[in-house]
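Here's the structure we're looking at; comments come further down.
Every number in this text was worked out from the coordinates using simple rules, so none of it is lab data. Predicted model, so just to flag it, every value in this text is computed and none were measured. Cβ placement follows ideal geometry from the backbone for every residue including glycine, while neighbour counts extend to all protein chains displayed.
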Amino acid sequence: MTVDVPDWRAAIEAHEADHPAVALARVRRLLAAAPTDWPARLLLGKLLTEFARYAEARAALDALADDPISSRPRPRLLVIRAIAELHDRAGDSEPALRAYERLRELAPEDTDGYVLGGALLARLGRLDEAAAIYQAGTACAGGAVDECWHNLGLVRRAQERHAEAAAAFARALELDPAYAAARAALADVTAALALAGLEPPPAPA
């Protein structure tokens, strides 16, 4: 089993420590011994994506998608997310958006598809679509709901809809009072509202 292989634990630790070269070397070593290891193949695809080796990453992830294990719910989500992020990083916006949409369809209560898909739409300047995705994400039962609220606020701030932005940032802070970025953004739009002579919503304690 993968979990029992020291190289696997070391690869994960290296990846989390932002040492991708070490992580890739360890994954290569693991796959030399166990070529069908599913988690190692997934990490390989993700690492190749991070190194902008997109053709190799696509080949690795497409092969992984054909593995019988990938028909199970959780592995399927992990592969779809990795493929979505590959397209996103490679600048293939429409395939990435379709993959993020697929994530939302398969896991409607997981905020990943909302946060990532909304972020891509925002970068493309499709602000109303991004706001709609983030708004839908705020209804998730768990996950990074505070991030959905914060990102919704960022979109509304970009649109100069400062009262809506302030309300979204305030909601993010209700969920996570330590959310420094949301607190700074709330201060920004509150100041903008004051310049316009408008009354912002009450700030969270």
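GNM remark for the chain: springs join alpha carbons under 10 Å apart, and the peak mean-square fluctuation among Pro177, Pro20, Pro68 falls on Pro68. Highest mobility in the GNM of the chain, judged by mean-square fluctuation with C-alpha springs under 10 Å and restricted to Arg183, Arg74, Arg89, is found for Arg74. Compared with the dominant Cα axis of the chain, that is its longest principal axis, helix 73-90 is turned about 70°.
Each Lys and Arg contributes +1 and each Asp and Glu -1, all at the Cβ; summed about the Cα centre of the chain, the dipole is approximately 340 debye. Karplus-based coupling profile of the range 150-160, in residue order and whole Hz: 4, 5, 4, x, 4, 5, 5, 5, 4, 8, 6, with θ = phi - 60° in 6.51 cos²θ - 1.76 cosθ + 1.60 and x standing for Gly or Pro. Simple point charges give the picture: +1 on the Cβ of Lys and Arg, -1 on the Cβ of Asp and Glu, and for the range 132-205 a dipole about the Cα centre of about 80 debye.
When the charge dipole of the chain is built from unit charges on Cβ atoms (+1 for Lys and Arg, -1 for Asp and Glu) and taken about the Cα centre, the candidate among Ala181, Pro35, Leu124 whose Cα reaches farthest toward its positive end is Pro35. When the label point is put 7 Å from the Cα of Ala196 along its Cα-to-beta-carbon vector, which residues of the range 145-160 have a backbone N closer than 16 Å? So the set is 153-160. Distant-in-sequence amide contacts of Thr111, defined by a placed amide H-H separation under 5 Å and a gap of 5 or more residues or a different chain, comprise Ala144. Helix 162-175 axis versus longest C-alpha principal axis of the chain: approximately 60°, rounded to the nearest ten. I'd like the orientation of helix 127-137 relative to the chain: the angle between its Cα long axis and the longest Cα principal axis, in ° from 0 to 90, rounded to 10. With both axes taken from Cα atoms, the answer is about 80 degrees.
Once C-alpha pairs closer than 8 Å and six or more residues apart are averaged by separation and normalised to the residue number of the chain, the relative contact order reads 9 percent.
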